[in-house]
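Asker: This is the structure, below, for whatever I ask next.
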Amino acid sequence: MYPIQRFDDKYTEKLISFLERCLPESGRKLDLDEKHKSYLDVRHYFEEFWIMLDGEEIIGTAALKRMDERRCELKSLYLYRGFQGRGLGRKLLETALKTAEDSGYREMYLDTLSTSRRALALYEKAGFIQTERYNENHDADIFMVLKIN
């Protein structure tokens, strides 16, 4: 229904358009000059990056970033508000978790905002627990970890 596929550079323009619309839904603003410049070079910055499609339109994303051989970070789990509540965020998260497990990671970390209540509920339901700050993202105020296996 809403396929998930690995990111291809041909989607860069559509990704930027998606983020320009999606990030403000959760009180964020796309900043390609600094904070979000990684989206201009997805293949270099992320270990894995997935897009969820509705036809040719990107409606959701998820990514993995390597921290070290045992730890990875969940990044860019975004879904248009109009598609939330249908289990699609869970599908994106499961894709990232399966890849992390298959890659031999033992822990997955993430950071988020305390105002992202739906995302927090999704992460908690998946088994993530709060942990101490592990990065320098000063916008985030919640840090979580999930033991894999």
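The values are calculated or read from the model by the stated rules, or taken from the named source; none is laboratory data. Everything numeric here is computed off the predicted structure, so don't read it as measured data. Positions of Cβ are backbone-derived with ideal geometry, glycine not excepted, and every protein chain shown enters the neighbour counts.
Asker: Which residue out of 53, 15, 32 is over 19 Å from residue 116 (Cβ atoms) and in contact with a Pro (Cβ under 6 Å, 6 or more places away or on another chain)?
Answerer: 53
Asker: Related question: Which one of 59, 148, 129, 51 is of a type in the set (A, V, I, L, M), surrounded by fewer than 12 Cβ atoms within 10 Å (Cβ to Cβ) and at pLDDT 95 or above?
Answerer: Criteria check complete, one pass: 129.
Asker: Right, something else. State all residues of region 116-126 that are surrounded by 12 or more Cβ atoms within 10 Å (Cβ to Cβ) and not charged (D, E, K, R); if no residue qualifies, say none. It would help to see each step written out before you state the result.
Answerer: Within region 116-126, the subset surrounded by 12 or more Cβ atoms within 10 Å (Cβ to Cβ) is 116, 118-120, 122-124, 126.
Listed by number, the residues that qualify are 116, 119, 120, 122, 123, 126.
Asker: Among the residues of region 58-80, is any in contact with a Cys (Cβ under 8 Å, 6 or more places away or on another chain), over 25 Å from residue 44 (Cβ atoms) and not small (Gly, Ala, Ser)?
Answerer: yes
Asker: List the residue pairs whose Cβ atoms are under 7 Å apart, where the first residue sits in region 12-40 and is under 16 Å from residue 138 (Cβ atoms), the second is assigned to a loop (DSSP other than H, G, I, E, B) and among the charged types (D, E, K, R), and the two are 6 or more positions apart or on different chains.
Answerer: Between residues of region 12-40 that are under 16 Å from residue 138 (Cβ atoms) and residues that are assigned to a loop (DSSP other than H, G, I, E, B) and among the charged types (D, E, K, R), there is no close pair.
Asker: While we're here: Consider residue 90 carefully, then state whether it is among the basic types (Lys, Arg), assigned to a loop (DSSP other than H, G, I, E, B) and either touching a Leu at 6+ places or on another chain (Cβ under 9 Å) or buried (at least 17 other Cβ atoms within 10 Å of the Cβ) (or both).
Answerer: no
Asker: Could you look through region 104-134, keep only residues that are polar (S, T, N, Q) and either in contact (Cβ under 8 Å) with a residue 40 or more places away in the chain or touching a Phe, Trp or Tyr at 6+ places or on another chain (Cβ under 8 Å) (or both), and pick out the one that is nearest to residue 82 (Cα to Cα)?
Answerer: Top of the filtered list is 116.
Asker: Would you tally the residues in region 80-106 being of a type in the set (A, V, I, L, M, F, W, C), closer than 21 Å to residue 15 by Cβ and over 9 Å from the mean Cα position of the chain (by Cα)? Steps first, answer last, please.
Answerer: Applying the first criterion (of a type in the set (A, V, I, L, M, F, W, C)) to region 80-106 yields 83, 88, 92-93, 96-97, 100.
If we keep only those that are closer than 21 Å to residue 15 by Cβ as well, we get 83, 88, 92-93, 96.
So of that shortlist, the ones also over 9 Å from the mean Cα position of the chain (by Cα) come out as 83, 88.
The total comes to 2.
Asker: Go through region 101-115 residue by residue and tally those that are assigned to a loop (DSSP other than H, G, I, E, B) and either acidic (Asp, Glu) or surrounded by fewer than 13 Cβ atoms within 10 Å (Cβ to Cβ) (or both). Spell out how you get there, then give the answer.
Answerer: Going through region 101-115, the residues assigned to a loop (DSSP other than H, G, I, E, B) turn out to be 103-106, 113-115.
Then keep just the ones that are either acidic (Asp, Glu) or surrounded by fewer than 13 Cβ atoms within 10 Å (Cβ to Cβ) (or both); that gives 104, 114-115.
So the count comes out to 3.
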